[in-house]
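Everything below concerns the one structure shown next.
The values are calculated or read from the model by the stated rules, or taken from the named source; none is laboratory data. Computed from a predicted model, the values in this text were never measured in an experiment. Note that each Cβ is placed from the backbone with ideal geometry, even for glycine, and that neighbours are counted across all protein chains shown. Keep in mind that these areas ignore ligands, DNA and RNA; they rest on the heavy atoms of the full protein, side chains included. Shrake-Rupley method; radii C 1.70, N 1.55, O 1.52, S 1.80 Å.
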Amino acid sequence: MTDVEEAQPRAMDQLELRKPMPRAQFDPLSREILALKKKLNAVILAHNYQVPEIQDVADFVGDSLGLSQQAAKTSADVIVFCGVHFMAETAKILNPQKIVVLPDKDAGCSLEASCPAPKLAALQATNPNFYTVTYINCSAEVKALSDVICTSGNAVKIVNAAPPDRDLLFVPDENLGAWVMEQTGRPMTLWRGNCYAHVEFRRDNLLRLRAKFPDAKIVVHPESLREVRDLADSVCSTEKMIDFCKSSPARQFIIVTESGIIHRLQKECPGKEFLCAPAFDALRAPTDNCRCSECKFMKMNTLEKVRDCMVRLAPRIELPDEIIRRARAPIERMLAISAKPLENAG
């Protein structure tokens, strides 16, 4: 036990964020991408978890809600979606006549994989009174089975706006769903799914880091386990993490989500320090028992792949017209509820 305890601080000291691409490599690639963007009348949308160099060439960097809103109002002919597959699908659903490309076609999501549409349909059939609130991290087919979509940034507002006489079914993230129940008091049936990158965070590791940096504020994504959420100064979506860190007088923050967001935090909150929360991987312990959390799917996209997908206009997102039609309604319902003032949301 003593050996493990002594080794833990050293492991934390070795936590390193992914380094940005060297300027000598970034500059020519970014110039190519800018020229292609003008030629194609393209817009580049990037999630907060993308590698630093992709964030730096994007027209908009944000969370799932912000990206959905940008996709809904873009006038570009081509949408280059730097994120994972379900996000690019959402952009295509909202822009069926536009070309939507994803730098790496294999950039998937463990949450999306946890909830196949046929299994969801089978569960829905067991209760005709289900009102299905679906986290945006899901396939187009699952969206088409849903009553309303939500993101981590608006899930509480969406659930508060749900019909009071319906039995709520929340899919596919059980940890986000549990947190939403805590915030709203609305009972819900939860689909048993989770984000592998967020459930790696553990209470003990976070407590050790807090002991080392007692003045740091702890900011936690709601896809994390309750044992971790309970330690937070703020539980919020990635976009609200940015807002919290900007407005807080604190100078030091422990960020409990995928480490890609720290690049944006460092850019938008100069003079503040951001610590990458340690993630535990039982399959690698004890040699790698403490490291930054990275989503392997988000990190499949690279700046070279962004350039290449714009040159080829592929991999291209294509969906059946019927799926687009059925999936669009719950997304638009979400966007409409999100646009309402808080007092009118319910």
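Side notes on the structure shown:
- Considered as an equivalent ellipsoid built on the Cα gyration tensor, region 54-139 has semi-axes of 28, 14, 12 Å, the largest given first.
- Viscosity 0.890 mPa s, temperature 25 °C, Stokes-Einstein D of region 127-166 from Kirkwood C-alpha radius, µm²/s: 231
- Relative intensity of region 95-134 on a log10 scale, I(q)/I(0) at q = 0.28 Å⁻¹, equals -0.97, per a Debye sum over C-alpha point scatterers of equal strength in the absence of solvent.
- Placing +1 on the Cβ of every Lys and Arg and -1 on the Cβ of every Asp and Glu, with nothing else charged, gives the chain a dipole about its Cα centre of roughly 760 debye.
- Taking 0.36 nm per residue of sequence separation and removing the Cα-Cα distance, the Arg203/Arg31 pair yields an extension gain of 57.5 nm.
- The chain - share of DSSP beta bridges that are antiparallel (%, nearest 5): 10
- Here region 151-228 is treated as a sphere whose radius is the Kirkwood value from Cα pairs; by Stokes-Einstein at 4 °C and 1.567 mPa s it diffuses with a coefficient of 94 µm²/s.
- Carbon + sulfur, % of accessible area of the chain - ligands and nucleic acids excluded, 1.4 Å: 51
- Residues whose amide H falls under 5 Å from that of Tyr135, counting only those 5 or more places apart or on a different chain, are Cys150, Val171, Asp173, with hydrogens built in the peptide plane.
- By the Cα gyration tensor, region 106-157 has an equivalent ellipsoid whose semi-axes, rounded to whole angstrom, run 18, 16, 8 from largest to smallest.
- For region 75-204, the Cα gyration tensor yields ellipsoid semi-axes of 26, 18, 14 Å (square root of five times each eigenvalue, largest first, whole Å).
- Each Lys or Arg adds one and each Asp or Glu subtracts one; over the other residues with Cβ under 9 Å from the Cβ of Ile218, this totals +1.
- Helices in the chain, meaning DSSP H runs of at least 4 residues, each add -39500 (n - 2.57). Divided by all residues, the mean residue ellipticity at 222 nm is -12500 deg cm²/dmol.
- Per residue accessible area of the chain, 1.4 Å probe, in Å²: 43
- In summary, the lysines within cross-link reach of Lys105, defined as a Cα separation below 16 angstrom excluding same-chain residues under 8 places away, comprise Lys92, Lys296, Lys299, Lys305.
- Most mobile of Asn137, Asn129, Asn48 in a GNM of the chain (Cα contacts under 10 Å): Asn129
- Kirkwood radius, region 204-261, all distinct C-alpha pairs, inverse of mean reciprocal distance: 11.5 Å.
- Only one residue of Val159, Cys295, Val306 has its Cα farthest out toward the positive end of the dipole of the chain, where Lys and Arg carry +1 and Asp and Glu -1 on Cβ, and that residue is Val306.
- Cα-Cα over 20 Å, subset of Lys73/Lys98; Lys73/Lys267; Lys240/Lys272; Lys38/Lys98: Lys73/Lys267
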